[in-house]
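The values are calculated or read from the model by the stated rules, or taken from the named source; none is laboratory data. What you are looking at is a predicted structure, and each value in this text was computed from that prediction instead of being measured. Cβ placement follows ideal geometry from the backbone for every residue including glycine, while neighbour counts extend to all protein chains displayed. When the accessible area is computed, the model is the full protein with side chains, heavy atoms only, and any ligands, DNA or RNA have been set aside. Shrake-Rupley method; radii C 1.70, N 1.55, O 1.52, S 1.80 Å.
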Amino acid sequence: MKYRQILASLVLAMVLFLFPLSAQAASSSSITRSAGDELTGKDYSGQSLIGTEFTNLNLENANFSNADLRGVVFNGTVLQGVSLHGVDFSNGIAYLAKFRGADLSDGIFTEAMMLRSTFDEVNITGADFTNAVLDGIQVKKLCAKASGVNPKTGVDTRESLGCR
């Protein structure tokens, strides 16, 4: 019995030595990417884009209305004039994203990490930011215009941002 175990271990070691498995580092490149030369104005409305990564892209005026964006990553992405009306961006990441003139109304942004992102001239009426992480300056800016209640979660926008 012991002889068989030693032989099996030796054979396994030889196989792994002769046919090594390629190592792959866990990185953002392993996440599904939306590729294409021209993504400005693209229509993603109503689509399920769970876990998609948008890195260093210009998505200006793209339409994500009512899309399922759970776990989506916007990294260094230009989101100027985009429609995120009614999206579910829960557990998403927006790092160094520019949301200038974006429509975030009725969106769900619960537990999203939105650090180093800017929110200039955005519509957040009815958006739910419960447990979202945003830079303090951006929260103050959003609180100045926060109003409404999210139609799906029933959460008041001002309360979800922790406005005073």
> Within segment 131-152, can you find the residues that are within 15 Å of the chain's Cα centre (by Cα) and not hydrophobic (A, V, I, L, M, F, W, C)?
Replying inline: Asn131
> Can you find a residue in segment 96-118 that is part of a loop (DSSP other than H, G, I, E, B), farther than 24 Å from Asn61 by Cα and among the polar types (S, T, N, Q)?
Replying inline: no
>> Quick check on segment 82-94. Is at least one of its residues within 16 Å of Met113 (Cβ to Cβ), open to solvent by 70 Å² or more (accessible area, probe 1.4 Å), assigned to a strand (DSSP E or B) and without any contact (Cβ under 8 Å) to a residue 40 or more places away in the chain?
In response: yes
>> Could you tell me how many of the residues in segment 121-154 are open to solvent by 40 Å² or more (accessible area, probe 1.4 Å) and assigned to a loop (DSSP other than H, G, I, E, B)?
In response: 12
